[in-house]
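Enquirer: Before we start, here is the structure in question, set down as structure tokens.
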Amino acid sequence: MNSKTISIKSMLILGVVSALILYRLIICFSYTPEICVGETNNIWNALNVANGKALYTNPESIPFEIFQYTPLSQVPIFIAAALLDTELDTYSYNVMRIGRILSLCYNLLTALLVYLILVRVLKVSRTISWGGALLCFTLFTHLAFAVRPDALALTISLLGVYVFCLSGIRQSNKMYMLTGFIFAISFFAKQDAFMIISALGMMLLIKKDWIPLISISFSFALAIALFLLVCYNLFGEVFFKSIFGGMDVGYDLSQGLYVFYRFLNIYGIIVIAGFASITYAIIKLKHQENTILLLLLIVFSLLIAVFSSIKKGSWINYYTPFIIYLIVTVGYVIDDLNKKFSLSYFNVLFASMIAITVAFFTYKQIYHYTAPFLKYKQSKSCLLYTSDAADDV
């Protein structure tokens, strides 16, 4: 009976995940020239590099082009663009498609890391862990699987958090050094990806674990210095002008408030559940290190998101790490309640909650994003795309 139940659960999870992946693949393969803001800029730079041009050029000189991100997320796209046949009419489309599929793969890895953190670090049941991972994957908007650095940056950053947690469990100084190295790599996927390391540092300060703190700080600083030196040798001073000057786009508090409003409008129910869960954990599980770590991750990821969202041109993707840590906290608390009260109807209730939430967010995404994207069709040159609705304008 138990094996049959597990088999049914596994089939349901596999079916839902397959449907979500298929839905995202449809958008990835669509001919829309831009899933979200900034995608065309990333594709343009990849094509330039494949054609022998420099990735970073002086933004103050004609043609005033700027690539404001660190280069790591672009490397696989560069390779794909260089290997593809440039004579094909579908060349630019193929580069775009590969970039989107890579981002989708990073999303899957992020969901897997959420599962591993819940199961191996927080000792949450597999059912709840799969539910949390599935929910995280569902909540990724189109921004996450576009040709942008966000997906890879989030995956590497979450990997750093996972390795940090394993370091504490195994009391391994080498793994602490690896944590610093991973966060250094995350900086070269996107400049703000490493910032959550501050929460981990605060955790070590609270515990007065000086040797791990020194190990992480040393390996992070050394790796950053070495990678910056390599990039300077490869790209010159224009590299620093692009990645640091490109971030200086000005700040707008009213825009930050609007972004926060839109974020709450979409994810409000998750935020409420997350804060209720961390409140319960503080009151009932306050002596556990896991509670302190989750609280620090939530607070620091929220502060980072709020600060980042007041930059002009920012959007709700900066709140994605915050949502992930909230979901992890919800899973942690629900598992604790289930173990304490042995709720016989819990599995049915939990599965229903996940199914309803996944269905709701999937519907919202399909309604808002899929229909407009599928209106586009390939033009003869494939360098330009036209909408079926263009004639109605």
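Enquirer: Could you give me the residue pairs with C-beta distances under 6 Å whose first residue belongs to segment 169-183 and is of a type in the set (Val, Ile, Thr), whose second residue is surrounded by 24 or more Cβ atoms within 10 Å (Cβ to Cβ) and modelled with pLDDT of 90 or more wherever it lies, and which are 6+ apart or on separate chains?
Expert: Cβ pairs passing all conditions: 179/160; 179/164; 179/216; 182/160.
Enquirer: Mind checking which residues of segment 207-253 are open to solvent by 60 Å² or more (accessible area, probe 1.4 Å) and outside any helix (DSSP H, G or I)?
Expert: Once the filter is applied, which keeps residues that are open to solvent by 60 Å² or more (accessible area, probe 1.4 Å) and outside any helix (DSSP H, G or I), segment 207-253 yields 208, 244, 248, 249, 251.
Enquirer: Then there's this: Can you report the number of residues in segment 178-203 which are more than 17 Å from the chain's Cα centre (by Cα) and surrounded by 24 or more Cβ atoms within 10 Å (Cβ to Cβ)?
Expert: Residues flagged as more than 17 Å from the chain's Cα centre (by Cα) and surrounded by 24 or more Cβ atoms within 10 Å (Cβ to Cβ) within segment 178-203 amount to 3.
Enquirer: OK, next. Which residue pairs have Cβ atoms closer than 9 Å, lie 6 or more positions apart in sequence or on different chains, and pair a first residue in segment 218-246 that is over 30 Å from residue 173 (Cβ atoms) and in contact (Cβ under 8 Å) with a residue 40 or more places away in the chain with a second residue that is of a type in the set (Phe, Trp, Tyr) and assigned to a helix (DSSP H, G or I)?
Expert: Taking only residues 6 or more apart or on different chains, the pairs are 239/232; 242/235.
Enquirer: Suppose the filter is out of contact with any helix residue (DSSP H, G or I) (no Cβ under 7 Å at 6 or more places or on another chain), closer than 27 Å to residue 305 by Cβ and small (Gly, Ala, Ser); does residue 221 pass it?
Expert: So residue 221 passes the test.
Enquirer: So for segment 224-245 (the condition being under 17 Å from residue 330 (Cβ atoms) and among the polar types (S, T, N, Q)), does at least one residue qualify?
Expert: no
Enquirer: For segment 116-125, state whether one or more residues are crowded, with 24+ Cβ neighbours inside 10 Å, not in a loop (DSSP other than H, G, I, E, B) and not aliphatic (A, V, I, L, M).
Expert: no
Enquirer: Does residue 136 meet the test of being in contact (Cβ under 8 Å) with a residue 40 or more places away in the chain and closer than 22 Å to residue 288 by Cβ?
Expert: no
Enquirer: Output the residues belonging to segment 53-79 that are open to solvent by less than 20 Å² (accessible area, probe 1.4 Å) and modelled with pLDDT under 80.
Expert: Matches in segment 53-79: 67 only.
Enquirer: Let me ask you something else. Are there any pairs with C-beta distances below 9 angstrom linking a residue in segment 278-305 that is closer than 15 Å to residue 158 by Cα and assigned to a helix (DSSP H, G or I) to a residue that is polar (S, T, N, Q) and open to solvent by less than 20 Å² (accessible area, probe 1.4 Å), with the two at least 6 apart or on different chains, and if so which?
Expert: Going by the 9 Å Cβ cut-off, the qualifying pairs are 294/277; 294/329; 297/329; 298/329.
Enquirer: Considering only segment 80-101, state which residues are part of a loop (DSSP other than H, G, I, E, B) and either open to solvent by less than 60 Å² (accessible area, probe 1.4 Å) or modelled with pLDDT of 80 or more (or both).
Expert: 84, 90 - these are the residues of segment 80-101 that are part of a loop (DSSP other than H, G, I, E, B) and either open to solvent by less than 60 Å² (accessible area, probe 1.4 Å) or modelled with pLDDT of 80 or more (or both).
Enquirer: Could you tell me whether segment 57-72 includes any residue that is of a type in the set (Gly, Ala, Ser) and touching a residue at least 60 places away in the same chain (Cβ under 8 Å)?
Expert: No; the residues of segment 57-72 include none that is of a type in the set (Gly, Ala, Ser) and touching a residue at least 60 places away in the same chain (Cβ under 8 Å).
The values are calculated or read from the model by the stated rules, or taken from the named source; none is laboratory data. Here the structure is a predicted model, which is why all the values come from computation and not from measurement. FYI the Cβ positions are ideal-geometry reconstructions off the backbone, even for glycines, and counts take in every protein chain you see. To get the accessible areas, we keep the full protein, side chains included, count just its heavy atoms, and leave off ligands, DNA and RNA. Shrake-Rupley method; radii C 1.70, N 1.55, O 1.52, S 1.80 Å.
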